[in-house]
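Novice: After the structure tokens below, expect a handful of questions from me.
What follows draws every value from the coordinates through simple rules; no lab data is involved. All values reported here derive from a predicted model rather than from experimental measurement. Here the Cβ positions follow ideal geometry from the backbone for every residue, glycine too, while neighbour counts run over all protein chains shown.
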Amino acid sequence: MNSLLNNVRKNKGSIKLAILFISCVTLSLILLLSPTKVAIQTEDNPFKIGVSQTPLSAPFIIAEHLSLFEKANLDVELIACFGGVECSEALINDQVDFATASESVVMFKSYQTHDIALLTSFVQSSNDLKLLTLNENLTIKESVSISTESNSNSNSNSNNNLRKVGIVKGSASEYYFDTLLVAQGGNKRDIEKVYLSPKALVDALITRQVDAISIWEPYGYQVKMLTNNTITNLGIQGIYQLSFNLISKKSYFSPSSSTKTAQTAVIIDVLEQAIQWINQHPETAMVIVAKHLDVPLNQIKWSWNDYIFRLSIGNSLLSSLQTQSHWAKQQGLVKGKEPEFRDVIYKQPFEQAKSSKEVSW
């Protein structure tokens, strides 16, 4: 009888162990196959993302407004910064875990540190950058007189030549201007670049400290609201396509642990959800973004149709980084060996987020 009872107890113990084993296997499969649903954050501190205060950052603004990060079991804090340069500096200085920046900033920062990881592009625009002036007769290409003219006419022509341009150093602002200069036959030796912050550029143009500024939105709209003068855009739409990207550090992703990659995949998936919502509710999205940035709704509408919100990390992004790197080298703006930009683009979180979805992006 005792022997029979012992056998029963052993069988019950075996069954419990089997159930426990099956439960562990099931949980492991769920964690592996559904990272967007169970990526539980283990750190006490929230993920900090440096987000540039521009309509380009709309996917982050909408994700926060809709509590998409919380729904994905992520504790995320959006840290406001002004421009990709400032955001990327916060990343390099370990003030944030992720940052938003244009591919131009990514290129420049890749010369500064080999630790930059570009995770995904989330918006593109071929008309976000502009070369704005309050002199409607201003020209980039220097006028050449082919006949004898009076001194007054010569001085007038000279006043209409671009001499001082305000630029955000080491950013898409600088690359865009130099691209325009080449396209319109200008001579860089005749033009002084005045390096300022985005906010300072607006004041410099209004007070005529510079002849023009190369700047992105919403600063173009701010110029419009601060002056009664005619504003002329000397730029060429489509000459440069800006992409705005989510970046981090390579060292953030430990080769021995897949946790960070999985959690980053969740962040990317949240961005995709926000982008889908933006594309389905553009009018409401504009209202939310305007309120978050504390700007008039018309300011957001001013440039909204120029934005294509979508996730991508394709060859065009790599080509853009390489092209801008060659330009920076030729202009003497960077020093040292050119980075291997294939290594700068870190695709694993993007691919993991994409593979977890039944419908392709």
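Novice: For 182, 266, 344, which order do you get if you count the other beta carbons within 10 Å of each Cβ and list the fewest first?
Specialist: Least crowded to most crowded, the residues run 182, 344, 266.
Novice: According to a simple spin-label model (label point 7 Å from Cα along Cα-to-Cβ), what is the distance in nm between residue 348 and residue 308?
Specialist: About 3.0 nm separates the two model spin labels.
Novice: Moving on to the next point. If region 156-297 were replaced by its equivalent ellipsoid, with semi-axes equal to the square roots of 5 times the Cα gyration tensor eigenvalues, what would those be, largest first, whole Å?
Specialist: Here the semi-axes work out to 36, 22, 14 Å.
Novice: So, one more: What does the charge count near residue 92 come to, summing +1 for each Lys or Arg and -1 for each Asp or Glu among other residues with Cβ under 15 Å from its Cβ?
Specialist: Net charge around residue 92: -1.
Novice: Determine, for 286, 107, 225, the number of other Cβ atoms within 10 Å of each Cβ, and report the residues in order from fewest to most.
Specialist: Placing the least packed residue first, the sequence is 225, 286, 107.
Novice: Another question, then. First measure r as the distance between the Cβ atoms of residue 241 and residue 193, then evaluate 1/(1 + (r/R0)^6) with R0 = 22 Å and state the FRET efficiency to the nearest 0.05.
Specialist: 0.45
Novice: What does the C-alpha gyration tensor say about the overall shape of region 159-203? Classify as rounded when a/c is under 1.5, otherwise prolate if a/b is larger than b/c, or oblate. Write out the running numbers ahead of the final one.
Specialist: Details: a/c = 2.30, a/b = 1.37, b/c = 1.68.
Oblate.
Novice: Could you please rank 264, 227, 120, placing first whichever residue has the fewest other Cβ atoms within 10 Å of its Cβ?
Specialist: 227, 120, 264
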